[in-house]
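J.: Just dropping this structure here.
The values are calculated or read from the model by the stated rules, or taken from the named source; none is laboratory data. Just so it is clear, the model here is predicted, and its values are computed rather than measured. Methodologically, a virtual Cβ is constructed for each residue, glycine included, from the backbone with ideal geometry; neighbour enumeration extends over all protein chains shown.
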Amino acid sequence: MQDAGLTHCLNINIAHSPLVPKDPKSQSRIIDPTFSFALIPACTMKGLYTKLCLGLLHLGQLTEAKSGSWSGTNNYFLQGMSDSAQDAYIQTLSSYNTKVVRLWVNQASKGCQKGSQIVRDIPQLETTIGQYNKVTLDEIDKLLVKLSDKNIKAIISPHDGNSLIGDYRKDAYWARWGAGYFYEKQDAFDAYDARLSYILNYKGAYSGKVWKNWPHAIFSFNLQNEPMTPGPSNCKNGDPAGWACGRATFMRNAGLDSHILISTGGMGGDFSHGCTFLPAVTQCKAIDAISVHRYASVPGQWSANLPSWLSQANGKKVYLEEWGVDSQKYDQKSAFVSEVNNMNSVGLPNMYWQLLPPSSGGCSYNPQNDAGDPFGIYTNSGVNLAGPINGATSSGAAQDWTGSLY
């Protein structure tokens, strides 16, 4: 028996609903009864049926999607690995149908990193402010060629906000401005804009491509990795100096190809810090995508959280850029599958922290013994990575990624 209120909800003027697809020839709305559940904006019911209508509205938004979802991983040390190790790792990711790998413009030192042998020293891009070590980008450019050959795109994080903490990662920016002034002072903005300009206009030593004009290989540039994490007062106060939008506007005005997205890189770090959907970000025209960094318990309730994230995003793309299963608390074999399947159920693109190459060069590493980062999963660990990752591409995305990824 159908409630009268629900009948009203499902029988609104579907011929004029923007959620109903048009016939490509006649441009009239296609009245498909299976699509009628998308027509919920006119719902005015209360209580139980209000919740039902809102749920159906979300389903309608998913029906709008014209692309598949996608999955990927983060790797901040890939450029330091040997060519053969890089090739093997990228081939493995390709076999999973991985779509995106996130890379950092950072240094590397010979030795071991998360079980991988680092065979080359790579300098910081700026050991002195305003003077750039081209080799740092050359090594990333080589990776971009390899990734794009396997139909994998990259997110490039042009600087690590954690370099401003003052620990072993500290750099020239920390020495000059520290964690606070970097996001407040115009001379710091100018220096960082110059860095961004150098990166965007860099012409690849291996690709021959100018990065800002290479959407075939580059999916997005972050503003920074986890901006304002070292000095959270800036984001908690709403980014009063306009750092985020200012840097995004500079990047877009620098001629960045319109198909390459400008993403936040995880404002304020973890989602729990309350900065991910800062109005200074969601209301900035130049920012295209909100990067969510969220390390949650299992289950992570991803499908339940996505509608709220989309509503806060002000029409911008939303994707999960960092997440992980804590190996000290949960069974990664079961949790990785269940968590990604839950994300896929609502078309939430996700990037794991981190899918690790098999241990090499005598480098012993067990994520369970890493108190600060227990999330890594080796690609040869026996965890079913291929199924859920490949499942993302066959799942309808909550938003349309045509033109940027597909």
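J.: What is the number of the single condition among (1) exposed (fewer than 14 other Cβ atoms within 10 Å of the Cβ); (2) of a type in the set (S, T, N, Q); (3) in the same structural domain as residue 277 (by TED's automatic domain parsing) that residue 402 does not meet?
T.: Unmet for residue 402, out of (1) exposed (fewer than 14 other Cβ atoms within 10 Å of the Cβ); (2) of a type in the set (S, T, N, Q); (3) in the same structural domain as residue 277 (by TED's automatic domain parsing): (3).
J.: With respect to residue 233, determine if the residue is out of contact with any Leu (no Cβ under 9 Å at 6 or more places or on another chain) and free of Cβ contacts under 8 Å to residues at least 24 places away in the same chain.
T.: Working: out of contact with any Leu (no Cβ under 9 Å at 6 or more places or on another chain): yes; free of Cβ contacts under 8 Å to residues at least 24 places away in the same chain: no.
No.
J.: Test residue 311 against the stated conditions and say whether it is in the same structural domain as residue 86 (by TED's automatic domain parsing) and within 30 Å of residue 286 (Cα to Cα).
T.: Values: in the same structural domain as residue 86 (by TED's automatic domain parsing): yes; within 30 Å of residue 286 (Cα to Cα): yes.
Yes; evaluated as a whole, the condition is true for this residue.
J.: Would you mind stating whether residue 235 is buried (at least 17 other Cβ atoms within 10 Å of the Cβ), within 13 Å of residue 268 (Cα to Cα), hydrophobic (A, V, I, L, M, F, W, C) and in the same structural domain as residue 140 (by TED's automatic domain parsing)? Explain how you work it out, then say what you get.
T.: Details: buried (at least 17 other Cβ atoms within 10 Å of the Cβ): yes; within 13 Å of residue 268 (Cα to Cα): yes; hydrophobic (A, V, I, L, M, F, W, C): yes; in the same structural domain as residue 140 (by TED's automatic domain parsing): yes.
Taking the combined requirement at face value, the residue satisfies it.
J.: What single numbered condition from (1) in a helix (DSSP H, G or I); (2) in contact with a Pro (Cβ under 9 Å, 6 or more places away or on another chain); (3) in contact (Cβ under 8 Å) with a residue 24 or more places away in the chain; (4) not aliphatic (A, V, I, L, M) fails to hold for residue 174?
T.: The failed condition is (3).
J.: Take segment 257-284 and flag every residue that is free of Cβ contacts under 8 Å to residues at least 40 places away in the same chain, surrounded by fewer than 23 Cβ atoms within 10 Å (Cβ to Cβ) and assigned to a loop (DSSP other than H, G, I, E, B).
T.: Filtering segment 257-284 for residues free of Cβ contacts under 8 Å to residues at least 40 places away in the same chain gives 258, 270-272, 274, 276-277, 282-283.
When the remaining residues are screened for being surrounded by fewer than 23 Cβ atoms within 10 Å (Cβ to Cβ), the result is 258, 270-272, 274, 277, 282-283.
Matches in segment 257-284: 258, 270, 274, 277, 283.
J.: Ok, one more. Kindly evaluate residue 203 against the criterion of being at pLDDT 95 or above, assigned by TED's automatic domain parsing to the domain that holds residue 266, among the basic types (Lys, Arg) and over 21 Å from the mean Cα position of the chain (by Cα). Give the derivation first.
T.: Values: at pLDDT 95 or above: yes; assigned by TED's automatic domain parsing to the domain that holds residue 266: yes; among the basic types (Lys, Arg): yes; over 21 Å from the mean Cα position of the chain (by Cα): yes.
The answer is yes for residue 203.
J.: Across segment 333-348, what is the total count of residues that are surrounded by 23 or more Cβ atoms within 10 Å (Cβ to Cβ) and either over 16 Å from residue 394 (Cα atoms) or touching a Phe, Trp or Tyr at 6+ places or on another chain (Cβ under 9 Å) (or both)?
T.: Residues that pass the stated criteria total 5.
J.: A follow-up question, please. Looking at 326, 373, which one is acidic (Asp, Glu) and surrounded by fewer than 16 Cβ atoms within 10 Å (Cβ to Cβ)?
T.: Values: 326 fails: surrounded by fewer than 16 Cβ atoms within 10 Å (Cβ to Cβ).
Exactly one of 326, 373 is acidic (Asp, Glu) and surrounded by fewer than 16 Cβ atoms within 10 Å (Cβ to Cβ), namely 373.
J.: Right, here's the next one. I want to confirm something. Restricting to segment 291-322 and keeping residues that are free of Cβ contacts under 8 Å to residues at least 40 places away in the same chain and in contact with an Asp or Glu (Cβ under 9 Å, 6 or more places away or on another chain), which single residue is nearest to residue 70 (Cα to Cα)?
T.: 292
Residues are listed down the side, and each one gets a yes or a no for (1) at pLDDT below 95; (2) crowded, with 17+ Cβ neighbours inside 10 Å; (3) of a type in the set (Gly, Ala, Ser):
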residue	(1), (2), (3)
87	no, no, no
95	no, no, yes
110	no, no, no
120	no, no, no
125	no, yes, no
153	no, yes, no
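J.: Just checking, how many residues over segment 206-237 are at pLDDT 95 or above and assigned to a loop (DSSP other than H, G, I, E, B)?
T.: Narrowing segment 206-237 to residues at pLDDT 95 or above: 206-228.
With assigned to a loop (DSSP other than H, G, I, E, B) added as a condition, the list becomes 206-209, 214-217, 223-224, 226-228.
Selection size over segment 206-237: 13.
J.: Within segment 323-344, identify whether any single residue is on the phi > 0 side of the Ramachandran plot and assigned by TED's automatic domain parsing to the domain that holds residue 269, and answer yes or no.
T.: No, there is no match, as no residue in segment 323-344 is on the phi > 0 side of the Ramachandran plot and assigned by TED's automatic domain parsing to the domain that holds residue 269.
J.: Is it true that residue 247 is touching a residue at least 40 places away in the same chain (Cβ under 8 Å), surrounded by fewer than 18 Cβ atoms within 10 Å (Cβ to Cβ), not in a loop (DSSP other than H, G, I, E, B) and not polar (S, T, N, Q)?
T.: Working: touching a residue at least 40 places away in the same chain (Cβ under 8 Å): yes; surrounded by fewer than 18 Cβ atoms within 10 Å (Cβ to Cβ): no; not in a loop (DSSP other than H, G, I, E, B): yes; not polar (S, T, N, Q): yes.
No: the conditions fail for residue 247.
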